């Protein structure tokens with residue numbers, strides 16, 4: 001619903017709660033599968049506006065980081081990884097909430113850094129958006145270009161992250177909830193102020209992140 005109304009927020013909301021419910025890396029695995037499905041749906045209508053050169057620049061380091069950190073996540077202590085995932089989710093939420101951005105256009109090093117951090121965050125916590133969103137802002141991407149370009153990038157790192165973590169099955173209730181929330185969001189987008197929804201998304205995401213951290217600490 002958040003993604004349909006505001007253009008962002010799916011993983012910010014879903015990842016920390018799925019980690020809190022199923023612990024890491026299982027909750028992260030589920031989030032990557034759901035996120036990939038949503039990326040594909042949202043990408044269909046904007047393929048012609050995707051900046052594929054930028055996707056490639058960001059995706060190359062992201063793939064390397066996804067594979068490397070995916071292997072670490074598969075063999076890491078479940079409790080410690082759950083705390084780490086919750087902490088990354090909380091940090092990402094706070095970064096988005098502050099609206100922080102650089103004021104200089106990013107160069108090749110910026111693309112490598114943003115892509116690498118995004119790939120690592122994606123397999124550890126299920127949230128890879130903030131670094132590349134900031135990259136797109138500082139690169140001056142127009143909104144109609146940023147949306148499909150980001151969806152193409154996210155689809156790529158999710159498709160790499162899924163086998164890196166070794167996903168098994170996803171409970172059927174989750175894709176059903178994804179479809180229902182998207183449908184409600186499409187309707188709500190015409191009636192609910194996007195700014196109010198963004199605030200709610202960030203508040204809920206922060207709460208979910210704290211819940212994931214507490215779940216991991218309790219397991220420890």
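The values are calculated or read from the model by the stated rules, or taken from the named source; none is laboratory data. Source: prediction; values computed, not measured. In this analysis, Cβ positions are derived from the backbone assuming ideal geometry, glycine residues included, and neighbour counts consider all displayed protein chains.
In table form, for the structure just shown:
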{"read-out": "Filter pass, residue 184 being touching a helix residue (DSSP H, G or I) at 6+ places or on another chain (Cβ under 9 Å), over 30 Å from residue 114 (Cα atoms) and assigned to a loop (DSSP other than H, G, I, E, B)", "value": "no"}
{"read-out": "Filter result for residue 2 (over 19 Å from residue 123 (Cα atoms) and crowded, with 23+ Cβ neighbours inside 10 Å)", "value": "yes"}
{"read-out": "Pair list, Cβ under 9 Å, 6 or more apart: segment 12-29 residue at positive phi and in contact (Cβ under 8 Å) with a residue 40 or more places away in the chain, other residue surrounded by 19 or more Cβ atoms within 10 Å (Cβ to Cβ) and in a helix (DSSP H, G or I)", "value": "23/81; 23/82; 23/85; 23/212; 23/215; 23/216"}
{"read-out": "Residue count for segment 206-220, restricted to those that are under 15 Å from the mean Cα position of the chain (by Cα) and either farther than 12 Å from residue 20 by Cβ or free of Cβ contacts under 8 Å to residues at least 40 places away in the same chain (or both)", "value": "1"}
{"read-out": "Enumeration of residues in segment 147-192 that are within 15 Å of the chain's Cα centre (by Cα) and modelled with pLDDT under 85", "value": "147"}
{"read-out": "Segment 131-158, residues that are without any contact (Cβ under 8 Å) to a residue 60 or more places away in the chain and in a loop (DSSP other than H, G, I, E, B)", "value": "140, 142"}
{"read-out": "Single match in 125, 143, 120 (criterion: at pLDDT below 85 and within 23 Å of residue 99 (Cβ to Cβ))", "value": "143"}
{"read-out": "Odd one out for residue 56 among (1) surrounded by fewer than 21 Cβ atoms within 10 Å (Cβ to Cβ); (2) more than 14 Å from the chain's Cα centre (by Cα); (3) farther than 22 Å from residue 114 by Cα", "value": "(3)"}
{"read-out": "Residue that is modelled with the lowest pLDDT, among those in segment 38-81 that are assigned to a loop (DSSP other than H, G, I, E, B) and touching a helix residue (DSSP H, G or I) at 6+ places or on another chain (Cβ under 9 Å)", "value": "76"}
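Residues checked against (1) more than 30 Å from residue 115 (Cβ to Cβ); (2) in a loop (DSSP other than H, G, I, E, B):
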| residue | (1), (2) |
| --- | --- |
| 160 | no, no |
| 168 | no, yes |
| 174 | no, no |
| 191 | yes, yes |
| 196 | yes, no |
| 200 | no, no |
| 208 | no, no |
| 215 | no, no |
